[in-house]
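Enquirer: Below you'll find the structure I mean.
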Amino acid sequence: MRPAVTVQMLHEKLLASASATAVLEELFGAPVVVRRMSCDPLALSPWERAQLGPTQDEPACHRRVTLLAAGKPVSEADIWYVPARLWPGMQAALTHTDTPFGAIVRPMQPTRETLATRFGAAGEPVALEHEALLRDQQGRPIALVAERYLPGCF
């Protein structure tokens with residue numbers, strides 16, 4: 001039997017990992033799938049734009065998902081990414097499949113830098129929030145993620 005997953009355990013593993021998808025798969029012992037959510041594109045704030053650095057030639061796209069592990073929702077995420085910085089075929093997979101972003105870009109071996117963290121208080125609809133920047137092997141930002149981990153799973 002797997003030990004109970006705590007918010008602190010999740011937080012520590014996210015800080016030490018290059019992939020939230022990989023962390024959830026490890027903690028829940030099951031593949032992670034996404035439920036893509038329809039959404040209006042969210043504009044990047046000036047700070048977020050400075051972190052990701054999209055250009056007119058390399059605009060950012062937005063994807064909103066709910067991640068499910070072992071069949072239950074464990075997090076919601078907004079992902080802004082630069083398709084021109086991804087490998088061929090990755091944009092199509094992001095647009096047309098329910099594969100998690102982390103699984104799609106895993107072959108790129110990105111690094112993950114946590115930019116902000118917030119623990120939710122008891123009774124809040126979020127147990128933990130992480131904002132992170134993913135970079136490719138050349139150090140270029142490829143995605144900015146805002147993850148909200150749901151209470152009741154941890």
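The values are calculated or read from the model by the stated rules, or taken from the named source; none is laboratory data. Everything numeric in this text was worked out from a predicted model, so none of it was measured. Positions of Cβ are generated from backbone atoms using ideal geometry, with glycine treated the same way; all protein chains shown enter the neighbour counts.
Enquirer: Given the criteria exposed (fewer than 14 other Cβ atoms within 10 Å of the Cβ) and either at pLDDT below 90 or among the aliphatic types (A, V, I, L, M) (or both), does Ala92 qualify?
Expert: Taking the combined requirement at face value, the residue satisfies it.
Enquirer: A follow-up question, please. Take the residues in the range 7-53 that are under 13 Å from the mean Cα position of the chain (by Cα) and among the polar types (S, T, N, Q); name whichever of them is nearest to Pro125 (Cα to Cα).
Expert: Per the criteria, the residue is Thr21.
Enquirer: Still on this structure, please answer the following. Considering every residue within the range 11-31, establish whether at least one is under 16 Å from Pro100 (Cβ atoms), assigned to a strand (DSSP E or B), free of Cβ contacts under 8 Å to residues at least 60 places away in the same chain and not aromatic (Phe, Trp, Tyr).
Expert: Taking every residue of the range 11-31 in turn, none turns out to be under 16 Å from Pro100 (Cβ atoms), assigned to a strand (DSSP E or B), free of Cβ contacts under 8 Å to residues at least 60 places away in the same chain and not aromatic (Phe, Trp, Tyr).
Enquirer: I'm told Thr99 meets every condition in (1) surrounded by 14 or more Cβ atoms within 10 Å (Cβ to Cβ); (2) of a type in the set (S, T, N, Q); (3) without any contact (Cβ under 8 Å) to a residue 24 or more places away in the chain except one. Can you identify the failing condition by its number?
Expert: Failed condition: (3).
Enquirer: While we're here: Identify all residues within the range 37-55 that are at pLDDT below 90 and either part of a loop (DSSP other than H, G, I, E, B) or closer than 18 Å to Met90 by Cα (or both); write none if there are none.
Expert: Hits for the range 37-55 are Ser38, Cys39, Asp40, Pro41, Leu42, Ala43, Leu44, Ser45.
Enquirer: Further question: Give the range 138-154 a look and list any residue that's under 12 Å from Arg85 (Cβ atoms), in contact with a helix residue (DSSP H, G or I) (Cβ under 7 Å, 6 or more places away or on another chain) and in a loop (DSSP other than H, G, I, E, B), or say none.
Expert: Listed by number, the list holds a single entry, Arg140.
Enquirer: State which residue pairs qualify: first residue in contact (Cβ under 8 Å) with a residue 60 or more places away in the chain and inside the range 139-152, second residue polar (S, T, N, Q) and in a strand (DSSP E or B) in any location, beta carbons under 8 Å apart, and separation of 6 or more residues or different chains.
Expert: Glu147/Ser75; Arg148/Ser75; Tyr149/Ser75; Leu150/Ser75
Enquirer: Taking the condition of being in a strand (DSSP E or B) and either small (Gly, Ala, Ser) or surrounded by 20 or more Cβ atoms within 10 Å (Cβ to Cβ) (or both), how many residues in the range 116-132 meet it?
Expert: Restricting attention to the range 116-132, the residues satisfying the condition of being in a strand (DSSP E or B) are 116-119, 128-132.
Now restrict to residues that are either small (Gly, Ala, Ser) or surrounded by 20 or more Cβ atoms within 10 Å (Cβ to Cβ) (or both): 116, 128, 130, 132.
Count: 4.
Enquirer: Moving to a separate point now. All but one of (1) part of a strand (DSSP E or B); (2) modelled with pLDDT of 95 or more; (3) out of contact with any Ser or Thr (no Cβ under 6 Å at 6 or more places or on another chain) hold for Trp87, so report the exception by its number.
Expert: Single failed check for Trp87: (1).
Enquirer: Follow-up. Within the range 61-84, track down each residue that is in contact (Cβ under 8 Å) with a residue 60 or more places away in the chain and not in a strand (DSSP E or B).
Expert: Answer for the range 61-84, where residues must be in contact (Cβ under 8 Å) with a residue 60 or more places away in the chain and not in a strand (DSSP E or B): just Val82.
Residues are listed down the side, and each one gets a yes or a no for (1) touching a His at 6+ places or on another chain (Cβ under 6 Å); (2) under 24 Å from Asp136 (Cα atoms); (3) surrounded by 17 or more Cβ atoms within 10 Å (Cβ to Cβ):
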| site | (1), (2), (3) |
| --- | --- |
| Gln8 | no, no, no |
| Val23 | no, yes, yes |
| Ala30 | no, no, no |
| Asp57 | no, yes, no |
| Leu67 | no, yes, yes |
| Gly71 | no, no, no |
| Asp78 | no, yes, yes |
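Enquirer: Is the range 62-69 home to any residue that is among the charged types (D, E, K, R) and closer than 18 Å to Leu15 by Cα? Break it down stepwise before answering.
Expert: Restricting attention to the range 62-69, the residues satisfying the condition of being among the charged types (D, E, K, R) are 63-64.
From the residues that got through so far, the ones that are closer than 18 Å to Leu15 by Cα too are none.
Within the range 62-69, not a single residue is among the charged types (D, E, K, R) and closer than 18 Å to Leu15 by Cα.
Enquirer: Something else about it: Going by the structure shown, is Arg112 within 14 Å of Ala146 (Cα to Cα), touching a residue at least 60 places away in the same chain (Cβ under 8 Å) and charged (D, E, K, R)?
Expert: Numbers: within 14 Å of Ala146 (Cα to Cα): yes; touching a residue at least 60 places away in the same chain (Cβ under 8 Å): yes; charged (D, E, K, R): yes.
It is true that Arg112 is within 14 Å of Ala146 (Cα to Cα), touching a residue at least 60 places away in the same chain (Cβ under 8 Å) and charged (D, E, K, R).
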